[in-house]
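To keep things clear, I will list the structure first and then write my remarks on it.
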Amino acid sequence: MSGKHLIVLNVNGEEHELLVEPRWTLLDVLRHQVELTGTHVGCEHGVCGACTILLDEEPARACLMFAVQAEGYAIRTVESLGTPAEPSDLQQEFSARHGLQCGFCTPGFLMLAEGFLAQQPAPSREEIREAVSANLCRCTGYQTIVDAIEATARRRADRPDPEPEAVR
């Protein structure tokens, strides 16, 4: 079974008519045909989370899905969150709280957090830790990522930050 298929993908609110091979992953199509390179190629086994996107507002691994399977879903990539001039509240908190270092895993964490906060708008720190355990980071140690997600949840709920603890 060879040949290309014409599909329509809804990515970040825009329709893209694409001719794809059935074996191409959604990750490859997003990066090479839609030309949105914020979704990163990591392990290509669904383990690291660098390719996390939102599929109908649910976190999903773009490396584990064929592009032809994504037709009919609303796909959101990290590019949907904000712009360099106007970053989203989540991106602002990641920056302010140093929730990134090398930045390779950051798009996946941002999309994971965006989906998580939509489902769980007032999470506990333990719930945030559990959610971020789905993605891998070799640089930050996760604490600042948890801090950024917690701050975003508080900000969205218009709750003030608690007094900083000496050790969390």
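Some observations on this one:
- V29 touching a residue at least 24 places away in the same chain (Cβ under 8 Å) and either in a loop (DSSP other than H, G, I, E, B) or surrounded by fewer than 17 Cβ atoms within 10 Å (Cβ to Cβ) (or both): no
A quick yes/no check of all residues on (1) open to solvent by less than 70 Å² (accessible area, probe 1.4 Å); (2) touching an Asp or Glu at 6+ places or on another chain (Cβ under 6 Å); (3) under 20 Å from V11 (Cβ atoms); (4) not assigned by the TED database to the domain that holds G38:
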{"residue": "S95", "(1), (2), (3), (4)": "no, no, no, yes"}
{"residue": "G99", "(1), (2), (3), (4)": "yes, no, no, yes"}
{"residue": "G103", "(1), (2), (3), (4)": "yes, no, no, yes"}
{"residue": "G108", "(1), (2), (3), (4)": "yes, no, yes, yes"}
{"residue": "L112", "(1), (2), (3), (4)": "yes, no, yes, yes"}
{"residue": "F116", "(1), (2), (3), (4)": "yes, no, no, yes"}
{"residue": "E130", "(1), (2), (3), (4)": "no, no, no, yes"}
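- Filtered residue count, segment 32-43, keeping only those that are without any contact (Cβ under 8 Å) to a residue 12 or more places away in the chain and either among the hydroxyl-bearing types (S, T, Y) or open to solvent by less than 40 Å² (accessible area, probe 1.4 Å) (or both): 1
- Checking every residue in segment 12-23 against the condition of being under 25 Å from L117 (Cβ atoms), without any contact (Cβ under 8 Å) to a residue 60 or more places away in the chain and not aromatic (F, W, Y) gives at least one match.
- Among the residues of segment 51-87, those identified as more than 13 Å from the chain's Cα centre (by Cα) and polar (S, T, N, Q) are Q69, T83.
- Residues in segment 44-78 that are assigned to a loop (DSSP other than H, G, I, E, B) and open to solvent by less than 10 Å² (accessible area, probe 1.4 Å): G49, A50, C51, T77.
The values are calculated or read from the model by the stated rules, or taken from the named source; none is laboratory data. All values reported here derive from a predicted model rather than from experimental measurement. Quick reminder, even Gly has a Cβ in these numbers, built from the backbone with ideal geometry, and neighbours come from all protein chains shown. Heads up: the accessible areas ignore ligands, DNA and RNA and are worked out on the full protein's heavy atoms, side chains in. Shrake-Rupley method; radii C 1.70, N 1.55, O 1.52, S 1.80 Å.
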